Amino acid sequence: MPAFSLDPPQTAWCAELRALAAERLRALAEKGEPGHVNRALVAELGQLGLLERLFTSGAVDLCLMRESLAYACTEAETALALQGLGAHPVYAHGTPAQRERWLPRVADGTAIAAFALSEPAAGSDAAALELRAEAGASEPVAEPGGGLPVTAASASAAEPALVAESDGGARWRLTGEKCWISNAPEADFYTVFARTTPGAGARGVTAFLVPADRPGLTGTGLDMLSPHPIGALRFDAVPVSADDVLGEIDRGFRVAMGTLNLFRPSVGAFAVGMAQAALDATLAHTAERDAFGGKLKDLQTVAHQVAEMALRTEAARLMVYAAATAYDEGAADVPKRAAMAKLLATETAQYVVDQAVQLHGARALRRGHLLEHLYREVRAPRIYEGASEVQRGIIAKELYATREAAQ
């Protein structure tokens, strides 16, 4: 695969995004209430046409957007990313009716999306999720805006979760919990992964598009180290129908992993944007700060540390865009590359931001300082969308599978 480099139009676009984030989006971000969806910010992302690009561009463009926005406004970056994460399964696997109803509203920023995979006992081990999609008697599903009512068939506990009906549909009730869900409980719809076949592991999971106003669906916010809302969802026999399925029944794990293979490199791009912001702040500080009879940058220890920060940031950037390019080209090793990109970039950003704080001293810990903000922001990406340990497991699994296939 050729080495990645930006062409002039891409470079200009990145500069434009940084300027937009600094001049227009940051002000909206500052007006938002921590722990709640900033709908004005999301609407502005839609007005600028950035949300629509989630569905019209490839992985490289997604990474360019996330890195550029993260450099100047992490809140705008996260708002954009969460729209993409929650809505991409609808774009990639939804029916024409599902797409027509939700994607235009996601693109213009009037509908908030969420990706509901994690559970209290199934975070990194996504194949162990326990939210149940049980077939049985149910009330009609009332769809706002003229949707047809749904009447569920009954089934005994011993029968399969899928129940065929005379109209060719199927009916389930979702029962259980989701936890650590970004944009919950304020999203307008959720991509929900539920177990339709007990005991089948990853092969028995189905993805559903669940509007937030479905009866039986409730949520609570969690007090987290996060500027955006993260919450828990409770499903008390929430009715869903065949019209709500995303992709194929019992093949929802493919929907989840396909989405994560796209978004994991872009999480790395988010991390690279934060690392670059921390590096640039450190360059400015060490060049201007007087210390020990000279500038801080004149101390060899400091200069070498800054060089190491730059080295690691650039290495992470190259791996991120190599993985994004592989995704856009349909390469066979995308899962491995995506895992490598997320792992290296998020671990690198943690290192770079931490070193930047150290070189800035106490001022970097003052509330409102750029590095104080980045220090809080940089921790979560090493956990969500698969913790660093999970990424190492994916990499090792792919390496051994490649070796076995070659023998």
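One residue is enough: does region 50-68 have a residue meeting the conditions closer than 23 Å to A114 by Cβ and either of a type in the set (F, W, Y) or exposed (fewer than 12 other Cβ atoms within 10 Å of the Cβ) (or both)?
Yes: region 50-68 contains one or more residues that are closer than 23 Å to A114 by Cβ and either of a type in the set (F, W, Y) or exposed (fewer than 12 other Cβ atoms within 10 Å of the Cβ) (or both).
Within region 36-55, take every residue that is in contact (Cβ under 8 Å) with a residue 40 or more places away in the chain and not in a helix (DSSP H, G or I) and give me the one that is farthest from A79 (Cα to Cα).
Filtering first and then ranking leaves E52.
What is the number of the single condition among (1) among the polar types (S, T, N, Q); (2) within 18 Å of V255 (Cβ to Cβ); (3) not in a helix (DSSP H, G or I) that Q98 does not meet?
For Q98, the failing item is (3).
So which residues in region 272-318 are of a type in the set (D, E, K, R) and farther than 21 Å from R379 by Cβ?
Our first condition is that a residue be of a type in the set (D, E, K, R); within region 272-318, this holds for 280, 288-290, 295, 297-298, 308, 312, 314, 317.
E288, R289, D290, K295, K297, D298, E314 - these are the residues of region 272-318 that are of a type in the set (D, E, K, R) and farther than 21 Å from R379 by Cβ.
Only one residue in D213, D244, D280 is of a type in the set (D, E), surrounded by 20 or more Cβ atoms within 10 Å (Cβ to Cβ) and either outside the structural domain of T74 (by TED's automatic domain parsing) or at pLDDT 95 or above (or both), so which one is that?
On the way: D213 fails: surrounded by 20 or more Cβ atoms within 10 Å (Cβ to Cβ); D280 fails: surrounded by 20 or more Cβ atoms within 10 Å (Cβ to Cβ).
Of the residues listed, the single one that is of a type in the set (D, E), surrounded by 20 or more Cβ atoms within 10 Å (Cβ to Cβ) and either outside the structural domain of T74 (by TED's automatic domain parsing) or at pLDDT 95 or above (or both) is D244.
Regarding I395, is this residue at pLDDT below 95 and surrounded by fewer than 20 Cβ atoms within 10 Å (Cβ to Cβ)?
Details: at pLDDT below 95: no; surrounded by fewer than 20 Cβ atoms within 10 Å (Cβ to Cβ): yes.
Answer is no for this residue.
So, of the residues in region 223-241 that are closer than 18 Å to I112 by Cβ and surrounded by fewer than 19 Cβ atoms within 10 Å (Cβ to Cβ), which turns out to be nearest to the chain's Cα centre (by Cα)?
Looking at residues that are closer than 18 Å to I112 by Cβ and surrounded by fewer than 19 Cβ atoms within 10 Å (Cβ to Cβ), I get S226.
Does M274 count as more than 21 Å from T348 (Cβ to Cβ), in a helix (DSSP H, G or I) and in contact (Cβ under 8 Å) with a residue 40 or more places away in the chain? Walk me through it before giving the result.
Details: more than 21 Å from T348 (Cβ to Cβ): no; in a helix (DSSP H, G or I): yes; in contact (Cβ under 8 Å) with a residue 40 or more places away in the chain: yes.
It is false that M274 is more than 21 Å from T348 (Cβ to Cβ), in a helix (DSSP H, G or I) and in contact (Cβ under 8 Å) with a residue 40 or more places away in the chain.
Restricting to region 4-35, name every residue that is in a loop (DSSP other than H, G, I, E, B) and polar (S, T, N, Q).
Residue satisfying the conditions is S5 alone.
Being assigned by TED's automatic domain parsing to the domain that holds L399, under 30 Å from Y400 (Cβ atoms), out of contact with any strand residue (DSSP E or B) (no Cβ under 8 Å at 6 or more places or on another chain) and without any contact (Cβ under 8 Å) to a residue 40 or more places away in the chain, is that true of even one residue in region 313-321?
The answer is yes; a qualifying residue exists.
Quick one: which helices (runs of 4 or more DSSP H) lie wholly within region 294-407 and hold at least 2 residues that are in contact with a helix residue (DSSP H, G or I) (Cβ under 7 Å, 6 or more places away or on another chain) and farther than 19 Å from S226 by Cα? Break it down into steps so the answer makes sense when it comes.
Working: elements: 300-328, 334-360, 370-377, 388-406.
Once the helices (runs of 4 or more DSSP H) in region 294-407 are filtered for at least 2 residues that are in contact with a helix residue (DSSP H, G or I) (Cβ under 7 Å, 6 or more places away or on another chain) and farther than 19 Å from S226 by Cα, what remains is 300-328, 334-360, 388-406.
Which number in (1) within 19 Å of H369 (Cβ to Cβ); (2) of a type in the set (K, R); (3) crowded, with 19+ Cβ neighbours inside 10 Å marks the one condition that R289 misses?
(3)
Would you please list the contacts, defined by Cβ atoms under 9 Å and residues six or more apart or on different chains, that run from a residue in region 208-226 that is basic (K, R) to a residue that is surrounded by fewer than 20 Cβ atoms within 10 Å (Cβ to Cβ)?
R214/A142
So which residues in region 20-49 are among the charged types (D, E, K, R) and crowded, with 21+ Cβ neighbours inside 10 Å, if there are any at all?
E44 - this is the single residue of region 20-49 that is among the charged types (D, E, K, R) and crowded, with 21+ Cβ neighbours inside 10 Å.
So A269 fits all but one of (1) assigned to a loop (DSSP other than H, G, I, E, B); (2) over 27 Å from E134 (Cβ atoms); what number is the exception?
So A269 meets the others, but not (1).
Mind checking which pairs have a first residue in region 362-381 that is over 18 Å from Y71 (Cβ atoms) and a second that is surrounded by 16 or more Cβ atoms within 10 Å (Cβ to Cβ) and hydroxyl-bearing (S, T, Y), Cβ under 9 Å, 6 or more apart or different chains?
Sorted first by the residue in region 362-381, then by its partner, the pairs are L365/Y375.
Can you tell me which residue among V255, V272 is closer than 30 Å to G204 by Cα, crowded, with 21+ Cβ neighbours inside 10 Å and aliphatic (A, V, I, L, M)?
V255
The values are calculated or read from the model by the stated rules, or taken from the named source; none is laboratory data. The shown structure was predicted, so the numbers you read here are calculated from the model rather than taken from an experiment. Because the Cβ atoms are built from the backbone with ideal geometry, glycine has one as well, and the counts that use them run over all protein chains shown.
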